[in-house]
Amino acid sequence: MWFAFALLSAIFAALTSILAKIGIEGVNSTLATAIRTVVVVIMSWGMVFLTNAQGGTLDIGKKSWWFLILSGLATGASWLCYYKALQIGEASKVVPVDKLSVVITLVLAFVFLHEQFTTKSLIGCVLIGLGTLLMVI
């Protein structure tokens, strides 16, 4: 089931890039990011209430709160940079560079989460890096 959700995530991310590139024309990238963020907040809280998950808020530990907040800050910084890059660059070049996050995530998961870094992971990272380089030059 995780694969289906991951694939849907990729499809929606692709739509996000195309829709954002069209929508950001003539709009300040920071303002565009703020508008997008409000929509995401409304949608996210709507899903929380729709699934009746709001009661879990009181069960979240202090450590989880801190890391969720830090994750939110990283997401905000990522979106601000992404929208600025989309505004001044071509989507077909911005998106592959943005997807280098896959390589960076694998490295960080190895260093901080002690996840396994296999030969397959290494080859995949190299191929993603080379593919990105090929697409942007």
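Out of all the residues in segment 92-108, which are in a helix (DSSP H, G or I) and either surrounded by 14 or more Cβ atoms within 10 Å (Cβ to Cβ) or of a type in the set (A, V, I, L, M) (or both)?
If the condition is that a residue be in a helix (DSSP H, G or I) and either surrounded by 14 or more Cβ atoms within 10 Å (Cβ to Cβ) or of a type in the set (A, V, I, L, M) (or both), then Lys93, Val94, Val95, Pro96, Val97, Asp98, Val102, Val103, Ile104, Leu106, Val107, Leu108 are the ones that fit.
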Against the condition touching a helix residue (DSSP H, G or I) at 6+ places or on another chain (Cβ under 6 Å), assigned by TED's automatic domain parsing to the domain that holds Thr33, among the hydrophobic types (A, V, I, L, M, F, W, C) and free of Cβ contacts under 8 Å to residues at least 60 places away in the same chain, how does Ala74 come out, does it pass?
no
Search result, residues across segment 25-63 that are in contact with a helix residue (DSSP H, G or I) (Cβ under 6 Å, 6 or more places away or on another chain) and among the β-branched types (Val, Ile, Thr):
Thr33, Val48
Residues in segment 54-97 that are more than 30 Å from Gly131 (Cα to Cα) and β-branched (Val, Ile, Thr) total 3
Taking segment 109-120 on its own, how many of its residues are more than 20 Å from the chain's Cα centre (by Cα), part of a helix (DSSP H, G or I) and not β-branched (Val, Ile, Thr)?
1
Only residues that are over 20 Å from the mean Cα position of the chain (by Cα) and either closer than 30 Å to Gly89 by Cα or not assigned by TED's automatic domain parsing to the domain that holds Ala74 (or both): list them for segment 19-62, please.
Glu25, Gly26, Val27, Asn28
(1) surrounded by 14 or more Cβ atoms within 10 Å (Cβ to Cβ); (2) of a type outside the set (A, V, I, L, M, F, W, C); (3) in contact (Cβ under 8 Å) with a residue 40 or more places away in the chain all hold for Gly89 apart from (3)
Residues (in a helix (DSSP H, G or I) and either among the hydroxyl-bearing types (Ser, Thr, Tyr) or surrounded by 13 or more Cβ atoms within 10 Å (Cβ to Cβ) (or both)) located in segment 36-55:
Arg36, Thr37, Ser44, Val48
Are there any pairs, at least 6 apart or on different chains, whose C-beta atoms fall under 7 Å, with the first in segment 21-50 and over 18 Å from Gly72 (Cα atoms) and the second in a loop (DSSP other than H, G, I, E, B) and hydrophobic (A, V, I, L, M, F, W, C), and if so, which?
none
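The values are calculated or read from the model by the stated rules, or taken from the named source; none is laboratory data. Values in this document were obtained by computation on a predicted structure and should not be read as measured data. No Cβ is skipped: glycine too gets one built from the backbone with ideal geometry, and neighbour counts run over all protein chains shown.
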